[in-house]
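Comments concern the structure below.
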Amino acid sequence: LSAVSLLLVTAGLVLVLRRALVGAPRPAAFLGTGLLLLGTPLFRALTGDLPLDFAARFALAAVLVEAARGRLGPAALALGPLGVACLVPPAIPPGPSLDALFSSSAGVLHRSPALWLGLAGLALEARARRAGAVPALSGLALVLLLAPARVEAALPLCGSGLVAALARLREVVAVRPERALLAGGATLVAWNFLLMEQTRRNLVPRDDTVPFSTLAANAADLASRPLGNPLSWPAAWAFAWRFGAPPQRYDEVAGRALPGGRLAIGDPGPGRPLAGDSWGPRRVREGSACREPLGVARVLLPRGSEAPAALALRATGGTLEVALNDGPATSWTFGPVGERRTAAWAAWRRGLNTLALSGGACVVELRIEELPGAP
Amino acid sequence: VPPLVKAAPLVRSVTALLAADLVLAVITGGPSPLAPAGALGAGWFVARLAGLGGCLWWLLRGGRRDLLVLSLLLLPAVAQLHLAGGRLGGDGVMYYVQARSLLKDFDYDLANEYAEYGIEERGDLQVPTVTGLRRTIFSVGPALAWAPFFALGEAVARAHAALGAEVVLTGYGPCHRNAVALGSLLYGWLAVRLTNAVLRRHFSPGTALGAALLTWLATFLPWYMVQQPAMSHATSTFGAALVLWLWDRERNDRGPAGFGLLGLATGLIMCLRWQNAVLLLLPAFDLLRIARRKGLLQALGSAASLALATVAGALPQMAAWKALYDTWLLPYPPQGPDFVRLGRPFLLETLFSSRHGLLFWTPALWLAYLGLGLLLARRPALALPLTLPVAAMTYVNACAGDWWAGGSFSNRRFDSALPLLAFGAAAGLDGLRSLLSARPGLALGALALPLALWNIGVLEQERRGLVPAGDAVSLAERTEHTARLLADAVGSPPAWPANWLFAWQTGRPPSQYDVLVGRYLFYRQNNLGGLVDLGAAGDEALVGEGWGPAGTWDGASARALTGRARLFAPLDEPEDLRITVRVAGGSGLRVSVNGREAGTVVPGPSWAEHTVAAPAALWRRNLNEVVLEAGPGEAAHVDRILFERPR
């Protein structure tokens, strides 16, 4: 099956390359097509784990795009890829979602930023009033907005955009090479300042060896602290505005599941990004690890539906005020480690919910209790 | 008279007022004449800097763009120094005590300064020298270079105290420290200005500015201007830039007086950092040319002028040595005769190790080194005199005992090479511009490569199970995994090509170069103390193939081995060692060093230590391979391996 997938992907790429060679310089055409293979999920064809239906949709879309540029016309170019995404096999688009585009877990633009370049290339073509550019841009945008999980149906269009963007860049560099040098110099300066900052913060040893991966990770962390991860823009900003959290946290929570609806606060483990930072030091009370809120601790709880559900909370030694999504607060008093449970709350949202906790109790664990028969 | 021209004096006055106010705010640490009620807060400080920037832009906008750009870029550096900068970090205190002693006590007795900083009992400082003073291994030049700023700090502190403020007037207080830090910042900036000025004589203004900015902002210079300003590096870079500027000014028409001036300047900067003596190679080239063109006699006259003036310039350092050690010249550095081993260079390590390798930490200097090569090919008359000091300085730094320059940001000892390397950067920029004009497709690759790498990294991490597929991952974690995959596959880019050579020689992944090369069992500071603690965090730096994963066995963190397992033992010199292995399991464990058997230990079922002797003949310099081999079909667990020098 992987050989068939590879064959289908190769056929689709050949079509993209053939079209690119018609109007673009050869370096841009080859590099753009290469980037389509290496810079998008098509790369999985090379590692042998590309699903057959994915490859089939890509190849079919490539054929359709080629036909649309010929006889079928602009409407087919704009709507055809979305049709391929929805029909093979049949699927109903879930509707626009920022997470599907920008989250670290599933966002296609986050995971394959080459798609941005493809979009930019088609936008440049449209601005230059090239034939077929507006329908192609619409076709790519429609798939990204309505069926991002099947982005492969739009990859042939993305390939055209990549080639166009690289061709344009080539023209700019040929005339003004100093712009490329400026970009390179700015990158070196930024890297140097990020190294200085991690040294200043003692994130790396002052007098020892350090792996390159640590330097790169620290640099990425520092660079994304003020404004979030550029690959997650603008969803990270929307997240920060909506939840009052740092934009950098978006990458860690968007798309994160809550196994069993349970979030340990004392030992949050991988759930730490959901628990947030406004918690005191870990304590052990009656054999249970717990933490006290520092001021108001805002926990993010992901849910797959809006159906009413109860919230159970294990805590000890003090009172606790709990409010869901800025609704009215519920107050509880805990003695020894014990559990309190709300009635079924109706204020849940699909996606992330904010649970504000304040008071002196030491919280062990939160748990969402779905009602019987809930989806 | 146009209104804008009429406004110029007013803007100049406001500029001077704002600049003076900001300088005072930096020195006092907050209070300034324009903020008499209290300290100037961060917001107001930045606002005033912005105002000053606006004035500078207004005054300089019609003139030279490079001056405007460099002046405006100084302002954020001032803000960084004031709001987040360091003061006496690292060896800075050892330079600062000299400034304080000379300029406040008017002597060179450092005992009270050492006592103030609690280091008078330190082993290397407590024994008096032959003259009864406390020793220092640091140069005296920075203290002299800071003298005007120290005096300014003294004046500001006294004025502040006269106005009723509680100010430390001992010379240890913030006013003096801040003034010295400001001095280093300005020396560093002047170095960039001078470098830019020299480059403009040989390159287009844009290229000159670009190269000057790269050698400033993309190297370690900002660190030593802002975070560790009490060290000698900013002043030394300034000194080198000054010598370069003087040398280049009269390069083709220098008489004995010119050589005298150049010698005096070079002698003075030898007081800043002694290895700056290699900059004498610059006038040496001129002397050779004079000897060839005008005769030996004229060259000898100029050489005498150069030599005498150099000695005169170096007199402060010689006087300092005379005061401390009762000798005008030291036969070797005060750190000891083995501090610089000219027959023992660590060239690849000095350039590519993650322990402050120059090109590993400052990849911008790749452009400078390659550019010097380009310049040699195109303009050898200019390039040769510049390349030889750079090569000499690189070699000398590679021969330093601690080639990693101790606690350093990048490799700070290349400070005085920066103005020379700026020529390489300028030639490199010119070369790249020509290359991109002819082959613009190369830029496409530079854009496409990171996009492809990111995508491949994401997919490979999920395919290999490094992160759960479809789970949320922070940018830092994603980047770390991607960088590790890249390093495992082709090595860390900043360590190319040394890590490829390492991989070829050792048969290990090139990524291990980053964590292994720069560590030693016994050599100098921060060594391993002879201990390889298997199973502990970070042990992967030293282990080769054949080891099982780290785990806990019978209460000890350890690694399992079945068959043959290799580890690395980095040494400075071959020497007799005892190898003690804490091991459990197996009936016999053969230990060999660099392919020659050292002995066999016989482990029991529980943890116990077993020792074999490994004479110096088995060892070699740098990386040694130690192989532990269990009997056929047997498994053993090794907790740690201790290498000891016989008592």
Identify the residue in segment B:353-373 that is open to solvent by 10 Å² or more (accessible area, probe 1.4 Å) and more than 10 Å from every other protein chain (Cβ to nearest Cβ) and, among all such residues, is nearest to B:ALA392 (Cα to Cα). B:TYR369
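Based on this model, can you work out whether A:ASN192 counts as more than 18 Å from the chain's Cα centre (by Cα), polar (S, T, N, Q) and facing chain B (nearest Cβ under 9 Å)?
So A:ASN192 fits the description; yes.
So that you can scan it fast, the table gives a plain yes or no per residue for (1) in contact with a strand residue (DSSP E or B) (Cβ under 6 Å, 6 or more places away or on another chain); (2) open to solvent by 20 Å² or more (accessible area, probe 1.4 Å); (3) at pLDDT 90 or above:
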site: A:GLY280; (1), (2), (3): yes, no, yes
site: A:ARG285; (1), (2), (3): yes, yes, no
site: A:ALA289; (1), (2), (3): no, no, yes
site: A:PRO293; (1), (2), (3): yes, no, yes
site: A:LEU300; (1), (2), (3): yes, no, yes
site: A:GLU321; (1), (2), (3): yes, yes, yes
site: A:LEU324; (1), (2), (3): yes, no, yes
site: A:GLY335; (1), (2), (3): no, yes, no
site: A:GLU339; (1), (2), (3): yes, yes, no
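Kindly indicate the residue of segment B:211-250 that is touching a residue at least 24 places away in the same chain (Cβ under 8 Å) and assigned to a loop (DSSP other than H, G, I, E, B) and also nearest to the other protein chains (Cβ to nearest Cβ) among those meeting that condition.
Step one: list which residues in segment B:211-250 are touching a residue at least 24 places away in the same chain (Cβ under 8 Å), which gives B:211-245, B:247-248.
Within this subset, residues satisfying the condition of being assigned to a loop (DSSP other than H, G, I, E, B) are B:218-220, B:228-232.
Working: B:ALA218: 4, B:THR219: 7, B:PHE220: 8, B:GLN228: 10, B:PRO229: 13, B:ALA230: 15, B:MET231: 13, B:SER232: 18 Å.
The extreme case among them is B:ALA218.
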Show me the strands (runs of 3 or more DSSP E) found entirely inside segment A:222-336 where at least 3 residues are free of Cβ contacts under 8 Å to residues at least 40 places away in the same chain and not aromatic (Phe, Trp, Tyr). A:318-324, A:330-334
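Condition check: within 14 Å of another protein chain (Cβ to nearest Cβ), surrounded by 24 or more Cβ atoms within 10 Å (Cβ to Cβ), out of contact with any His (no Cβ under 6 Å at 6 or more places or on another chain) and farther than 30 Å from B:GLN461 by Cα. Does A:ALA20 satisfy that? Don't jump to the end; show me each part of the working.
Numbers: within 14 Å of another protein chain (Cβ to nearest Cβ): yes; surrounded by 24 or more Cβ atoms within 10 Å (Cβ to Cβ): yes; out of contact with any His (no Cβ under 6 Å at 6 or more places or on another chain): yes; farther than 30 Å from B:GLN461 by Cα: yes.
Yes.
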Residues (closer than 14 Å to A:ALA154 by Cα and at the interface with chain B (Cβ under 8 Å from one of its Cβ atoms)) located in segment A:101-116: A:SER112, A:ALA114
Can you find even one residue in segment B:325-334 that is in a helix (DSSP H, G or I) and surrounded by 15 or more Cβ atoms within 10 Å (Cβ to Cβ)? yes
Just a yes or no: is a residue in segment B:422-434 open to solvent by 40 Å² or more (accessible area, probe 1.4 Å), at the interface with chain A (Cβ under 10 Å from one of its Cβ atoms) and touching an Asp or Glu at 6+ places or on another chain (Cβ under 9 Å)? yes
Scan segment A:90-98 and give yes if some residue there is open to solvent by less than 40 Å² (accessible area, probe 1.4 Å), farther than 15 Å from A:LEU145 by Cβ and over 23 Å from the mean Cα position of the chain (by Cα), otherwise no. no
For segment B:508-539, give me each residue that is within 10 Å of another protein chain (Cβ to nearest Cβ), outside any loop (DSSP other than H, G, I, E, B) and of a type outside the set (Phe, Trp, Tyr). B:GLN512, B:ASP514, B:VAL515, B:LEU516, B:VAL517, B:ARG519
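If I ask for residues that are β-branched (Val, Ile, Thr) and part of a helix (DSSP H, G or I), which ones from segment B:345-371 would you list?
Initial filter on segment B:345-371 (β-branched (Val, Ile, Thr)): B:350, B:362.
B:THR350 - this is the single residue of segment B:345-371 that is β-branched (Val, Ile, Thr) and part of a helix (DSSP H, G or I).
Suppose the filter is among the small types (Gly, Ala, Ser) and within 39 Å of the chain's Cα centre (by Cα); does B:ALA614 pass it? Spell out the reasoning first.
Details: among the small types (Gly, Ala, Ser): yes; within 39 Å of the chain's Cα centre (by Cα): yes.
In short, yes.
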Subset of segment B:417-471 [under 20 Å from A:ARG179 (Cβ atoms) and among the polar types (S, T, N, Q)]: B:SER434, B:SER437
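Would you please name the residue that is farthest from the other protein chains (Cβ to nearest Cβ), looking only at residues in segment B:435-492 that are outside any helix (DSSP H, G or I) and within 14 Å of A:ALA216 (Cβ to Cβ)?
B:GLY491
Let's see how each residue does on (1) at the interface with chain B (Cβ under 8 Å from one of its Cβ atoms); (2) open to solvent by 10 Å² or more (accessible area, probe 1.4 Å); (3) more than 24 Å from B:ASP430 (Cα to Cα); (4) at pLDDT 95 or above:
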| residue | (1), (2), (3), (4) |
| --- | --- |
| A:CYS158 | no, no, yes, yes |
| A:ALA164 | no, yes, yes, yes |
| A:ALA167 | no, yes, no, yes |
| A:ALA180 | yes, yes, no, yes |
| A:GLY185 | yes, yes, no, yes |
Confirm whether B:TRP619 is more than 21 Å from B:TRP553 (Cα to Cα) and among the aromatic types (Phe, Trp, Tyr). yes
Taking segment A:302-319, which residues are buried (at least 19 other Cβ atoms within 10 Å of the Cβ) and among the aliphatic types (A, V, I, L, M)? A:ALA309, A:LEU311, A:LEU313, A:ALA315
Mind checking whether some residue in segment B:224-247 is open to solvent by 10 Å² or more (accessible area, probe 1.4 Å), of a type in the set (A, V, I, L, M) and on the phi < 0 side of the Ramachandran plot? yes
Tally up the residues in segment A:62-75 that are open to solvent by less than 40 Å² (accessible area, probe 1.4 Å) and either over 24 Å from A:LEU37 (Cα atoms) or β-branched (Val, Ile, Thr) (or both), please. 2
Scanning segment A:237-273 for residues that are out of contact with any Asp or Glu (no Cβ under 8 Å at 6 or more places or on another chain), within 14 Å of chain B (Cβ to nearest Cβ) and hydrophobic (A, V, I, L, M, F, W, C) gives A:PHE239, A:ALA245, A:VAL253, A:LEU258
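Quick one: would you say A:ARG201 is of a type in the set (D, E, K, R), open to solvent by 10 Å² or more (accessible area, probe 1.4 Å) and more than 9 Å from chain B (Cβ to nearest Cβ)? Steps first, please.
Values: of a type in the set (D, E, K, R): yes; open to solvent by 10 Å² or more (accessible area, probe 1.4 Å): yes; more than 9 Å from chain B (Cβ to nearest Cβ): yes.
For A:ARG201, the condition - of a type in the set (D, E, K, R), open to solvent by 10 Å² or more (accessible area, probe 1.4 Å) and more than 9 Å from chain B (Cβ to nearest Cβ) - is met.
Looking for whichever is in contact with a Phe, Trp or Tyr (Cβ under 9 Å, 6 or more places away or on another chain), of a type in the set (A, V, I, L, M, F, W, C) and surrounded by 20 or more Cβ atoms within 10 Å (Cβ to Cβ) here; the options are B:ALA25, B:ALA35, B:ALA7. Which one fits? Before the answer, list the steps.
Details: B:ALA35 fails: surrounded by 20 or more Cβ atoms within 10 Å (Cβ to Cβ); B:ALA7 fails: surrounded by 20 or more Cβ atoms within 10 Å (Cβ to Cβ).
Just one listed residue meets the conditions, B:ALA25.
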Just the residues that are open to solvent by 30 Å² or more (accessible area, probe 1.4 Å) and either outside any helix (DSSP H, G or I) or within 14 Å of chain B (Cβ to nearest Cβ) (or both), please, taken from segment A:35-61. A:LEU37, A:LEU38, A:ARG44, A:LEU46, A:THR47, A:GLY48, A:ASP49, A:PRO51
Name the one entry in B:GLY90, B:GLY86 that is of a type in the set (Gly, Ala, Ser) and open to solvent by 40 Å² or more (accessible area, probe 1.4 Å). B:GLY90
Being open to solvent by less than 50 Å² (accessible area, probe 1.4 Å) and more than 22 Å from the chain's Cα centre (by Cα) is the filter here, so list the residues in segment A:126-155 that pass it. A:ALA126, A:GLY132, A:ALA133, A:PRO135, A:ALA136
Please verify whether B:ALA558 is over 18 Å from B:VAL532 (Cα atoms) and more than 35 Å from the chain's Cα centre (by Cα), treating the condition exactly as stated. no
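The values are calculated or read from the model by the stated rules, or taken from the named source; none is laboratory data. Everything numeric here is computed off the predicted structure, so don't read it as measured data. Cβ coordinates were reconstructed from backbone atoms using ideal geometry, including for glycine residues, and neighbour counts include every protein chain displayed. All accessible areas refer to the heavy atoms of the entire protein, side chains included, with ligands and DNA or RNA removed. Shrake-Rupley method; radii C 1.70, N 1.55, O 1.52, S 1.80 Å.
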